[in-house]
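*Asks:* Before I ask anything, let me first share the structure, which is written out below as structure tokens.
Read-outs: derived from the displayed coordinates by stated rules, not from any lab. Bear in mind that the values here come from a model prediction, so they are computed numbers and not experimental data. Cβ placement follows ideal geometry from the backbone for every residue including glycine, while neighbour counts extend to all protein chains displayed.
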Amino acid sequence: MMSKIIDGKVVAKKVLAECGQEIESLKAAGVTPGLAVVLVGNDPASMVYVASKVRKCAELGLHSRKIELPEDATHQEVLDVVLALNADTSIHGILVQSPPPPQIDEGAIVRAIDPAKDVDGFHPENVAKLALEDASGFVPCTPAGCMRLLKDAGVETSGAEAVVIGRSMIVGKPMALLLMSKEGNATVTVAHSRTKDLAAVCRRADIIVAAIGMPGFVTADMVKEGAAVIDVGINRVEDSSAKRGYRLVGDVAYDEVAPKCSAITPVPGGVGPMTIAMLISNTIKAAKQSHE
Ligand code: NAD
């Protein structure tokens with residue numbers, strides 16, 4: 001089977017072009033959407049993510065603030081930054097880059113963010129709104145991006161058997177909620193580390209979403225002929241031929257799985273670019289809602 005490669009860069013560009021139009025009309029009404037990104041410590045991957053979020057804001061003419069705190073910042077210091085941002089009317093979206101250093105209680109920080117500015121969609125109020133299908137909430141960016149990829153690729157979710165591998169609050173759980181919502185209408189199974197005979201569970205799936213964090217975990221024997229596969233995983237594997245000494249691979253053994261699929265996302269260039277596009281989209285939504 002010739003599988004369709006879902007190009008996340010192309011779809012992200014489309015989403016950002018839609019955002020560009022919205023930014024223009026908000027600016028014409030006197031509102032410049034603003035995003036604040038809080039980075040605590042010097043985790044190399046987090047630094048890269050934060051830099052690319054801020055860069056994207058600048059490209060699109062959004063107001064952005066990067067607040068960097070040292071590795072040994074106290075919980076109270078991070079909390080104070082969040083509370084100040086809650087009160088800052090030029091800021092519509094706040095995100096605290098995960099994972100913070102261990103002395104920070106990440107859950108408490110997330111709960112301190114004003115839910116109306118929680119563009120990551122991790123605050124309990126937004127989690128509840130997702131479960132309640134209340135459209136005023138913020139949907140976590142990565143699963144929202146996966147849904148958009150499925151839609152743009154013409155993958156029918158309604159009535160489909162979907163298997164989500166992974167049950168994290170960032171990807172797996174919200175992804176399952178979106179697929180089973182009235183918008184997704186899929187029959188959803190959430191698999192995780194204790195799932196028995198995962199291969200058999202996956203073989204039932206018309207749609208597989210892999211969010212595990214293990215390189216090449218989903219192999220060809222786990223995939224039904226004609227399934228659509230969304231690979232959320234971002235894993236570094238050593239590669240001496242690469243300039244940086246490593247390359248990025250997904251959770252899916254792409255080379256052996258792709259020939260069996262109707263559609264598949266590559267890594268890199270699949271889900272990754274969508275996450276940032278949906279973050280921008282959420283920030284615009286926050287700005288709009290704050291001025292309604
Ligand atoms: P996580 O570690 O919080 O969750 C991993 C999940 O995998 C868990 O729910 C666990 O039960 C499940 N799991 C572990 N071992 C398993 C096994 N043997 N069989 C079945 N399930 C198993 O990770 P996460 O934050 O959800 O991220 C998952 C992956 O997605 C990571 O590679 C991460 O880097 C990537 N990610 C990518 C983006 C993006 O923008 N593309 C965003 C977030 C996360």
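*Asks:* Starting from the amide H of LEU69, placed 1.01 Å from N in the peptide plane, find each other amide H under 5 Å away whose residue is 5 or more places distant or on another chain.
*Replies:* Amide H neighbours of LEU69: LEU39, VAL40, GLY41.
*Asks:* On a full-extension model of 0.36 nm per residue, what is the gain between VAL10 and LYS182, subtracting their alpha-carbon distance, rounded to one decimal in nm?
*Replies:* Details: separation 172, 0.36 × 172 = 61.92 nm, distance 2.65 nm.
Length difference between fully extended and current span is 59.3 nm.
*Asks:* Cut-off 10 angstrom, C-alpha nodes, Gaussian network model of the chain. Which of MET169, MET180, MET147 fluctuates the most?
*Replies:* Of MET169, MET180, MET147, the Gaussian network model singles out MET169 as fluctuating most.
*Asks:* Also, I was wondering about something else. Of all DSSP beta bridges in the chain, what percent run antiparallel (nearest 5)? The partial results should precede the final answer.
*Replies:* Numbers: 4 of 33 bridges.
Antiparallel bridges make up about 10 percent of those DSSP assigns within the chain.
*Asks:* Still on this structure: By how many degrees, 0 to 90 and rounded to 10, does the Cα axis of helix 8-28 deviate from the longest principal axis of the chain?
*Replies:* Around 30 degrees separate the two axes.
*Asks:* Specify the residue with the greatest mean-square fluctuation among ASN185, ASN42, ASN126, computed from a Gaussian network of the chain linking alpha-carbon atoms under 10 Å apart.
*Replies:* ASN42
*Asks:* Relative contact order (percent) for region 218-292, with alpha-carbon contacts under 8 angstrom and 6 or more residues of separation?
*Replies:* Details: 92 pairs, mean separation 25.6, N = 75.
That works out to 34 percent.
*Asks:* Report ³J(HN,Hα) in whole Hz for each residue of region 132-142, in order, from the Karplus equation J = 6.51 cos²θ - 1.76 cosθ + 1.60 where θ = phi - 60°; Gly and Pro get x.
*Replies:* With coefficients 6.51, -1.76 and 1.60, one gets 7, 6, 8, 5, 6, x, 9, 8, x, 5, 5 Hz.
*Asks:* Let me ask something additional. DSSP beta bridges in region 137-279, what fraction antiparallel, as a percent rounded to 5? Don't skip to the end; give the middle numbers.
*Replies:* On the way: 4 of 20 bridges.
Here the share of antiparallel DSSP bridges comes out near 20 percent.
*Asks:* Karplus couplings for region 176-182 from phi (6.51 cos²θ - 1.76 cosθ + 1.60, θ = phi - 60°), rounded to Hz, Gly and Pro as x?
*Replies:* Listing the rounded values in order: 4, 4, 5, 5, 8, 5, 5 Hz.
*Asks:* Using the Karplus curve 6.51 cos²θ - 1.76 cosθ + 1.60 with θ = phi - 60°, what ³J(HN,Hα) values do you get for each residue of region 58-69, in whole Hz, with x for Gly and Pro?
*Replies:* Each residue of region 58-69 in turn: 4, 4, 8, x, 7, 7, 9, 10, 10, 10, 9, 10 Hz.
*Asks:* Now for a different question. With each label point set 7 Å from Cα along the Cα-Cβ vector, what nm distance links GLN289 and ASP88?
*Replies:* 2.0
*Asks:* Quick query: amide H of SER64 versus all other amide H atoms, modeled in the peptide plane; which residues come in under 5 Å with a sequence gap of 5 or more or a different chain?
*Replies:* LEU35
*Asks:* Would you calculate the convex hull of the Cα atoms in the chain and tell me its volume per residue in Å³?
*Replies:* It comes to 134 Å³ per residue, whole-number rounded.
*Asks:* So, one more: Which of the GluC sites (Glu not before Pro) across region 182-273 are loop residues per DSSP, with 12 or fewer other Cβ within 10 Å? Provide the component values of the computation, followed by the final result.
*Replies:* Details: sites: GLU183, GLU225, GLU238, GLU256; in loops: GLU183, GLU225.
Passing sites in region 182-273 are GLU225.
*Asks:* While we're here: Report relative contact order for region 42-172 in percent, whole number only (criteria: Cα-Cα under 8 Å, sequence separation at least 6).
*Replies:* Working: 108 pairs, mean separation 20.5, N = 131.
About 16 percent, as a whole number.
*Asks:* Still on this model: Which ordering of ASP120, ASP43, ASP239 is given by a fewest-first count of other beta-carbon atoms within 10 Å?
*Replies:* Working: ASP120 23, ASP43 17, ASP239 13.
Lowest count first: ASP239, ASP43, ASP120.
*Asks:* OK, next. Picking from ALA253, ALA205, ALA108, which is most flexible by a Gaussian network model of the chain using Cα springs under 10 Å?
*Replies:* The residue with the greatest mean-square fluctuation here is ALA108.
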